[in-house]
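Please read the structure below before turning to the comments.
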Number of protein chains: 2
Amino acid sequence: MLEHFFSPNAVAIVGAARETGKVGHDVLKNLITCGYEGKVYPVNPKADTILGIKTYPSLREISDTVDLAVIVLPAPHVLAVVDECHAKGIDSIIVISAGFKESGIEGAARERELLRKIKQYSIRMVGPNCLGLIDTKSALNVSFAADMPAPGNIAFISQSGALCTSVLDWAVQECIGFSKFISMGNKTDIDEADLMQVVGNDDQTKVVLGYLEGVRNGTVFMHTAREITKKKPMIIVKSGGTVAGAKAASSHTGTLAGAENAFDAACKQAGILRAKKVEELFDYARIFSHQPLPKGPRIAIITNAGGPGIIAADAVERSKLEMATFSKNTLDILRSSLPAMSNVYNPVDVLGDAKADRYQFAIEKVIEDLNVDMALIILTPQAMTEIEKTAEVIGDISNRTGKPIVTSFMGGKRIEASLKIMCKRKVPNYSFPERAISAVEAMYQYTLWQKKPIPEIKKIPVQKEKVVSVFEKARQAGRQSLGEDEAKQVISVYGFRIPKSVLASSETEAAQAAGEIGYPVVAKISSPDILHKSDFGGVRVGIKNEAEIRSFFCDITQKARRLVPSAEIKGILVQQMITGGKEVILGMSRDPQFGPLLMFGLGGIYIEVLKDVTFRIVPIGVSEAEEMVREIRSFPLLTGVRGEKPADMHALTDSILRLSQLVTDFPEIMEMDINPLMVFPAGEGAMAIDARITISQAGVNYNQKGTQQ
Amino acid sequence: MLEHFFSPNAVAIVGAARETGKVGHDVLKNLITCGYEGKVYPVNPKADTILGIKTYPSLREISDTVDLAVIVLPAPHVLAVVDECHAKGIDSIIVISAGFKESGIEGAARERELLRKIKQYSIRMVGPNCLGLIDTKSALNVSFAADMPAPGNIAFISQSGALCTSVLDWAVQECIGFSKFISMGNKTDIDEADLMQVVGNDDQTKVVLGYLEGVRNGTVFMHTAREITKKKPMIIVKSGGTVAGAKAASSHTGTLAGAENAFDAACKQAGILRAKKVEELFDYARIFSHQPLPKGPRIAIITNAGGPGIIAADAVERSKLEMATFSKNTLDILRSSLPAMSNVYNPVDVLGDAKADRYQFAIEKVIEDLNVDMALIILTPQAMTEIEKTAEVIGDISNRTGKPIVTSFMGGKRIEASLKIMCKRKVPNYSFPERAISAVEAMYQYTLWQKKPIPEIKKIPVQKEKVVSVFEKARQAGRQSLGEDEAKQVISVYGFRIPKSVLASSETEAAQAAGEIGYPVVAKISSPDILHKSDFGGVRVGIKNEAEIRSFFCDITQKARRLVPSAEIKGILVQQMITGGKEVILGMSRDPQFGPLLMFGLGGIYIEVLKDVTFRIVPIGVSEAEEMVREIRSFPLLTGVRGEKPADMHALTDSILRLSQLVTDFPEIMEMDINPLMVFPAGEGAMAIDARITISQAGVNYNQKGTQQ
């Protein structure tokens, strides 16, 4: 798949240049100096040879087959070259040239034409507006990067070419090796999901890193990520999330940055580790690249200094890791051989005068303990400290044990040499203990994801045609907002219980309905044109008798006619009054990148003031619905505080799953709320008191449309 | 103050040793090789000269005056030397030797004796169990550190000697200079507050850094910090925070308070920047040390790469800073001279081919803009980038402008030389934009603190003797927990309104009281032995008539006698029923280091489930009380959401201030809750519905006792 991009037998550089410093020169030079063993064809009508290689006036003149064309010509010339590529039978191109979507209206038109052409010709394309790519296995460097990274097991996919140059430069210093290194540019054809699939299936790649400013197709992205993350870790930094960032994004590669909540939910659901900062991306990459996964959360800390040991223990306390408790045997051994002043409990303090042998003894004994899943070794450069020798010792142990070991050698000049040793021995060092803990925590979290069963999406049998007919009726009436009664019809098809209610179009009907339902009742104005009934004053709870219901009917219908003369007033909805449950909100809105996004939270101020809500991308399985419920801060309120009975969790998660299925089944639902869903005590179920649904204008399948760009 | 420690005319090293690698050797060597110009007297009975310097068998044999004695002998010999120091008239000693409190029972006893002796002799002491100290102005290095730091304007005070060695080593690499560098050891005599005072008044010191594991006297610490932070920034990392001693607490406040909350409150109130990680400590130190303070929050970003620009803009959005909006003039100038593809809006993208001159042009124009308070310059090493020249250019501009400039040159080997240039030019570089933003944000926050007026503590006139008599009565009865009626008496002396209430000791009295107060009433069991009345079922609200009050009286008193036979049952408290306000909790518990800690939060689940509370150390001023109210997440509930009236903020802050004064006036109050305080709509005041107070056993002034160690 896409193999011509990564292991071509012959590469043409269209726009190869003689002049040092020109991109067309640098790309060719990288290609021929980094060890690539295939054929190289520079194309430039004004040169016979470049860098000593025969140069062709055009692609046509090359007699052999060409697998990959790299185009570095000014943007206006690119389209014609694509025609030539097609004529030459080339199916893979990298367009490095800028001057497309990112550069304004003219460029955007050029990019659309470029896309049209390659689709027509069945050519696959990386770019335009990118740095190019590197594959260390085939020693292919078709980029204008200034450095060739060492071979390694990290794949890096970046939406920013400039970040690539920084990362490469930094990697050389930090002994980080890469398997594949890809600058995606404008992602006009090949996007992050395509490349994730490539590196996901690549044996050379153990860790997948990404820098994204947005994703092109949320559904495909999640699907691809889910497959990869069960096999190998995937760590992503996404920027352009906040308002100011998003503004910068649209002026950069023209990417539409999606809501942070949607991307967060996608990462959670697809097992992606989302790094908060670029620094974290590489802090995590180093440990995943070099160390085995831990079997559990129990960490041992070994230090030659009390203070940094406390700092590390604090960081553990704040993390999802646990401080390991050593076995009696380990404690006895440590106690018998370490100096009397040492602390043998975790964190183990081998004291400031510890030489390499004492470190070695302590680390070996501790790492053998069955209660220890991983270790952090801290070293401060004291007078007696054998810095490099200790690094060697740690390298040896790390090599033997199956447990992850990280270090925090703290210092500057004096530890420089030891850092090189640990680089070579594949022991990741972090200049401060807090960062080391954060890195091992990421590993532990990843193991939890790996163990997690894939959520099973169960389909509840429903009579979908009933929903179809409600939607059709609304559309025929030219309405996108369903009335409360219609919305409730829809959700009751999906198994939501709703209060007994009768639509009364006259005062007398209202009184009769209330009598049948039984007082007290709730009454609400019924009009598809009045969405926020409460704010309008159109809801009255606790109506106790016939006089009250009659007077409410008259008052509210008059008020509505007066204030919203254009509104269609259907009458009032007389409803059974429901009490004794916990009010929650279930809702859905549509993210432009990821599609339907479910929301759950406790009703009222918990949502409005505390914004205590959680999101998932549909469809979701049982375990994900349960996670949503547990994730909100106010979750304990559902379990019963202050002597209250716990809420019916089963009914709640079941409701979330039914909503997930509804919005999956009907992509024309643009937005909806079930607010409140009243969740009764355990065993007593739940009931949807009110609901609101907005559908798309025509019978458009928004889902399909929404995922195109 | 303590000047003999930092600029002594003559120093004796007691325990100076001939052998390289011994601490007694290293200290002497540091002293004579780092440029110190005073007299040096090694003391060692077994040597005539060490390192070529005449050595004395004992302090007695030195004929001249000695200002400072540094003791590096094994612990058992230290006490005798202290006697000699006294005899010799030495008033300042540094005890480097370990083997005291940190080493067990015997060492602790030795440390107590050491303290007793120096108090008796009026000797001041740093240590024991420390690395020693360094003063770069007097070129005094009486430590066994392996490095002498460059002179600079940062003072570092550390509770961990090992961390000192790491920091020194790191500082050499990062071109960080220090004014004073002090390892405090066990802080037996001289502690953080003493040293803060020294560096606070030191002209050489512009920035104060500290690593603490605890503070010895919270009140003195805060007082000292407040004085320093108005003049210079103080940045502290405190570890050992999460290790929580779960002590039994009888109040909500006691349960929620903890060492971390107290230290956080102290930092807030004293203007200390609390770094979350050691790395942050130095990230902040570098900018405070080298750059001027910003006049406002508006930052400009200039970058040669879109992606990192977005990353930085995201970080700004998450911070307290703002993205600057350039003037039309600036935009016009940038547009007229930068290439057409550049982004002239913030973040300014000078494009990947920008050389130093283009950077210079953009930075100069942007930094001159009156709407810009500071700038971050991002550089990725592209092919055309003039890395070192750009560093020089930035150094020049930074030198001329009065606005802070930081950089994020992103890369490894290729940017190494430029980092050295910026080090020298005092432009702090951060390897990733997020850290740069966090550092400038810290500066901006510090300017806010500097502008903040010192809170004025107003005293409300009260009849304290009435409170004294309530406490005395309780003590005479052998009680530490006051009854509800007693607690309410106390708070009403301090101006809290309380509901009308009558203690009824019989059914008839209860009925009569309720009649006088007016139905509905609330009734509560009154017993000093039943603290959690609600949990006991001892509270009934909404009693509507005589029959109900009579039956509650009988039921509850019987229940109490049955379940808690030993309890003293005073009867029931019949109380005016109060509705229509917002329930908040005010409370106080006592922190062992900082003394009385005030708590505020919304009542009920906001405290119990969401733990949405805030703390301050007493006494506090009006502005601090207002901050407390605004700081909680659920604050919007007090301003009136969903059409409710806003709560009476004035009454609320006034209540907090009254509580602050009460617990300040009466150090024997160990813990108290006012729960709930009912806050009525604006203008209608507040009322304390229930209160609970626990006092100390005897008339002990806990405050004085509590601050001793």
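Here are the numbers for the structure shown:
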item	result
Lone qualifier among A:59, A:2, A:28 - being out of contact with any Cys (no Cβ under 9 Å at 6 or more places or on another chain), of a type in the set (A, V, I, L, M) and at pLDDT 95 or above	A:28
Positions within the range B:63-89 being β-branched (Val, Ile, Thr), assigned to a loop (DSSP other than H, G, I, E, B) and either over 21 Å from residue B:31 (Cα atoms) or under 35 Å from the mean Cα position of the chain (by Cα) (or both), in sequence order	B:72
Residue identified as part of a loop (DSSP other than H, G, I, E, B) and at pLDDT below 95 among B:370, B:351	B:351
Residue in the range B:161-168 that is more than 11 Å from chain A (Cβ to nearest Cβ), more than 29 Å from residue B:76 (Cα to Cα) and either among the basic types (Lys, Arg) or over 24 Å from the mean Cα position of the chain (by Cα) (or both) present	no
Residue within the range B:132-147 that is hydrophobic (A, V, I, L, M, F, W, C), in contact (Cβ under 8 Å) with a residue 60 or more places away in the chain and on the phi > 0 side of the Ramachandran plot present	yes
Flag for residue B:525 being in contact with a helix residue (DSSP H, G or I) (Cβ under 6 Å, 6 or more places away or on another chain), of a type in the set (Val, Ile, Thr) and closer than 30 Å to residue B:671 by Cα	yes
So residue A:519, is it among the hydroxyl-bearing types (Ser, Thr, Tyr) and either more than 44 Å from the chain's Cα centre (by Cα) or at pLDDT below 90 (or both)	yes
Checking residue A:186 against (1) buried (at least 24 other Cβ atoms within 10 Å of the Cβ); (2) under 28 Å from residue B:430 (Cα atoms); (3) within 14 Å of another protein chain (Cβ to nearest Cβ), the condition it does not meet	(2)
Members of the range A:410-429 found to be crowded, with 24+ Cβ neighbours inside 10 Å, within 11 Å of chain B (Cβ to nearest Cβ) and not in a loop (DSSP other than H, G, I, E, B), listed by number	A:415
Candidates A:336, A:398 - the one that is among the hydroxyl-bearing types (Ser, Thr, Tyr), outside any loop (DSSP other than H, G, I, E, B) and under 24 Å from residue A:446 (Cβ atoms)	A:398
Matching residues, the range B:277-323, being surrounded by fewer than 24 Cβ atoms within 10 Å (Cβ to Cβ) and among the small types (Gly, Ala, Ser)	B:289, B:296, B:319
Enumeration of residues in the range A:116-156 that are within 14 Å of chain B (Cβ to nearest Cβ), within 20 Å of residue A:101 (Cα to Cα) and of a type in the set (A, V, I, L, M)	A:131
Complete set of residues in the range A:213-232 that are surrounded by fewer than 20 Cβ atoms within 10 Å (Cβ to Cβ) and without any contact (Cβ under 8 Å) to a residue 60 or more places away in the chain	A:223, A:227, A:231, A:232
Residues located in the range B:623-637, provided they are facing another protein chain (nearest Cβ under 10 Å) and surrounded by 18 or more Cβ atoms within 10 Å (Cβ to Cβ)	B:633, B:634, B:637
Hits in the range A:31-55 (condition: under 21 Å from residue A:4 (Cα atoms) and either in contact with a Cys (Cβ under 6 Å, 6 or more places away or on another chain) or part of a strand (DSSP E or B) (or both))	A:39, A:40, A:41, A:42, A:43
Count - residues of the range A:378-398 that are without any contact (Cβ under 8 Å) to a residue 60 or more places away in the chain and either among the charged types (D, E, K, R) or closer than 23 Å to residue A:307 by Cβ (or both)	13
Among (1) free of Cβ contacts under 8 Å to residues at least 60 places away in the same chain; (2) within 31 Å of the chain's Cα centre (by Cα), the one test that residue A:443 misses	(1)
Index of the failed condition, residue A:307 passing every other in (1) touching a Leu at 6+ places or on another chain (Cβ under 8 Å); (2) touching a residue at least 12 places away in the same chain (Cβ under 8 Å)	(2)
The range A:1-30 - residue that is among the aliphatic types (A, V, I, L, M) and in a loop (DSSP other than H, G, I, E, B) and, of those, farthest from the chain's Cα centre (by Cα)	A:17
Scan of the range B:430-465 for residues that are within 14 Å of chain A (Cβ to nearest Cβ) and in contact with a helix residue (DSSP H, G or I) (Cβ under 6 Å, 6 or more places away or on another chain), ordered by number	B:430, B:432, B:433, B:434, B:435, B:437, B:439
Looking only at the range A:16-30, and only at residues there that are in contact with a strand residue (DSSP E or B) (Cβ under 6 Å, 6 or more places away or on another chain) and touching a residue at least 40 places away in the same chain (Cβ under 8 Å), the one that is farthest from residue A:140 (Cα to Cα)	A:16
Those residues of the range A:378-409 which are among the hydrophobic types (A, V, I, L, M, F, W, C) and either within 14 Å of chain B (Cβ to nearest Cβ) or within 25 Å of residue B:143 (Cβ to Cβ) (or both), in sequence order	A:378, A:379, A:383, A:384, A:387, A:409
Residue that is nearest to residue A:311 (Cα to Cα) [pool: residues in the range A:343-377 that are within 12 Å of another protein chain (Cβ to nearest Cβ) and acidic (Asp, Glu)]	A:349
Some residue of the range A:677-687 being in a loop (DSSP other than H, G, I, E, B), over 29 Å from the mean Cα position of the chain (by Cα) and charged (D, E, K, R)	yes
Conditions (1) within 14 Å of chain A (Cβ to nearest Cβ); (2) out of contact with any helix residue (DSSP H, G or I) (no Cβ under 6 Å at 6 or more places or on another chain); (3) within 22 Å of residue B:498 (Cα to Cα): number failed by residue B:601	(2)
Single match in A:530, A:607 (criterion: in contact with a Phe, Trp or Tyr (Cβ under 8 Å, 6 or more places away or on another chain) and either crowded, with 19+ Cβ neighbours inside 10 Å or in contact (Cβ under 8 Å) with a residue 40 or more places away in the chain (or both))	A:530
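The values are calculated or read from the model by the stated rules, or taken from the named source; none is laboratory data. Given the structure is predicted, the values throughout are model-derived calculations rather than measurements. Note: ideal-geometry Cβ built from the backbone for every residue, glycine included; neighbour counts use all protein chains shown.
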